[in-house]
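Starting off with a structure, shown below.
The values are calculated or read from the model by the stated rules, or taken from the named source; none is laboratory data. Note that this is a predicted model, so its numbers are computed, not measured. Cβ: placed from backbone, ideal geometry, glycine included. Neighbour counts: every protein chain shown.
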Amino acid sequence: MLRTYGRRTFDFARQVAVMAILNRTPDSFYDRGATFGFEAALAAGERALAMADRTELLDRLSLALSRPGVNGVLGTPDILEDLLLLGALENKVVVGSMNRGGLAGTVFEIDDRFTAYDAASLAAAGFEGGKMLLRIDPDDPATVATVEACGRAVSELAGHRLIAMVEPFISHRVDGRVRIDLGAEATIRAMTVAAGIGTTSAYTWLKVPVVEEMERVMAATTLPALLLGGEVSSAQDAAFESWRKALKLPTVQGLVIGRSLLYPPDDDVAAAVDTAVGLLQEGST
C-alpha cells in the first residue's frame, strides 16, 4: 500500500518502509528521566555537554546523513537550518520538532507548549512531517493542555498531508523530577492515547521506546511506529539486538535514533550508523 506524506511516497507493502532518521532533539528519555536536567539534555553517556559543541555535532550529523540507507533527520529549527545550509538535507526525509516549551526541571515541564515548528511552517519548508512529545501525568492538571495542543497539531498536520509523529509517555513526578514509566502497561496506555487524538489518525506515526514485552505492546495499535534509541553505553551490542527483535514486528517501520549513534562508545559514528542501517535491511527482507 502506497501512502504520500508531503513530497514522499512510502510503500507499506514492505515491513520496514523507511526512516533511519537521526534524532537530534534534547528530549530523549532513555533513563526514565532520572538525570534529565538542563545539563543532561546535552550529554552523551559519560560525556557531559558533548552536544554543546555545535560544529562537532553538525560534523557528526553530516557524516551520519551521508551513510547509505540513512533516510533523514529529525530536529529543531536551528539544527535543520544549519544542515540545510551545509547541503546535508538533499533528498532526505525531514521531520521538524514542534513542542519545545516543557523545559526539563521546571515546574511547568508537563505544560509542553508548541514553541518551535507548526504545521504551516513545516509545509512551507517542504518537510515531510512534525514530531511532538506527549507526556501524560495523571496527577498534573497541565497534562490536558498538552493533550489538546497535540491533538490540534495532529489535525493541522493531516490537513497538509504531513506525518504527525507522536512520542507518548506516561510520566510521574518523583522527588520533584518528571520520571517516565517504561513499563509495558504504561507504554500501551500512552500509545492508545496518542493514537486517538486529532480529527484523523491517517497521518499519525508513533515514536516508541523499546521496552519489555514489545510484541504485546505493539499489538495495541495498527499505526506505523518508529523505535527510539536508548542510552549511550558500553553495551551497544545489546541495544542493537533489542532493535533487531523489535524491527521484526509488523507495525514497526524503522528507527529514529539520536545520540546513541552520533556519540557511540567507540566514537565511530559511521560504523554505528551502518550497523543500525543493516538492522533495517534485515527487517525489510
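Out of the residues in the range 75-104 that are in contact with a Phe, Trp or Tyr (Cβ under 6 Å, 6 or more places away or on another chain) and outside any strand (DSSP E or B), which is surrounded by the fewest Cβ atoms within 10 Å (Cβ to Cβ)? Before you say what the answer is, go through the steps one by one.
We begin by selecting, within the range 75-104, every residue in contact with a Phe, Trp or Tyr (Cβ under 6 Å, 6 or more places away or on another chain); these are 94, 96, 98-99, 104.
Keeping just the survivors that are outside any strand (DSSP E or B) gives 98-99, 104.
Numbers: 98: 30, 99: 24, 104: 18.
So the residue we want is 104.
Given the criteria assigned to a helix (DSSP H, G or I), in contact with a strand residue (DSSP E or B) (Cβ under 8 Å, 6 or more places away or on another chain) and crowded, with 20+ Cβ neighbours inside 10 Å, does residue 164 qualify?
Details: assigned to a helix (DSSP H, G or I): no; in contact with a strand residue (DSSP E or B) (Cβ under 8 Å, 6 or more places away or on another chain): yes; crowded, with 20+ Cβ neighbours inside 10 Å: yes.
So residue 164 fails the test.
Going through 178, 154 one at a time, which residue ends up being at negative phi, crowded, with 21+ Cβ neighbours inside 10 Å and in a helix (DSSP H, G or I)? It would help to see each step written out before you state the result.
Values: 178 fails: in a helix (DSSP H, G or I).
Going through 178, 154 in turn, the sole match is 154.
For a quick check of your reading of the model, give me the residue pairs whose first member lies in the range 263-285 and is within 16 Å of residue 235 (Cβ to Cβ) and polar (S, T, N, Q), whose second is modelled with pLDDT of 90 or more and surrounded by 16 or more Cβ atoms within 10 Å (Cβ to Cβ), with beta-carbon atoms closer than 8 Å and at least 6 apart or on different chains.
none
Residue 144: surrounded by 22 or more Cβ atoms within 10 Å (Cβ to Cβ) and either in a loop (DSSP other than H, G, I, E, B) or of a type in the set (Val, Ile, Thr) (or both), yes or no?
Spelling it out, it is not the case that residue 144 is surrounded by 22 or more Cβ atoms within 10 Å (Cβ to Cβ) and either in a loop (DSSP other than H, G, I, E, B) or of a type in the set (Val, Ile, Thr) (or both).
While we're on this one: Name the pairs: first residue in the range 76-94 and touching a residue at least 24 places away in the same chain (Cβ under 8 Å), second residue basic (Lys, Arg) and not in a helix (DSSP H, G or I), Cβ to Cβ under 8 Å, at least 6 apart or on different chains?
Listed by first residue and then by second, the contacts come to 76/24; 76/100; 79/24; 93/8.
Sort through 64, 20, 44 and tell me the only one that's touching a Leu at 6+ places or on another chain (Cβ under 6 Å), crowded, with 20+ Cβ neighbours inside 10 Å and modelled with pLDDT under 65. Before the answer, list the steps.
Working: 64 fails: modelled with pLDDT under 65; 44 fails: touching a Leu at 6+ places or on another chain (Cβ under 6 Å).
20 is the lone residue from the list that is touching a Leu at 6+ places or on another chain (Cβ under 6 Å), crowded, with 20+ Cβ neighbours inside 10 Å and modelled with pLDDT under 65.
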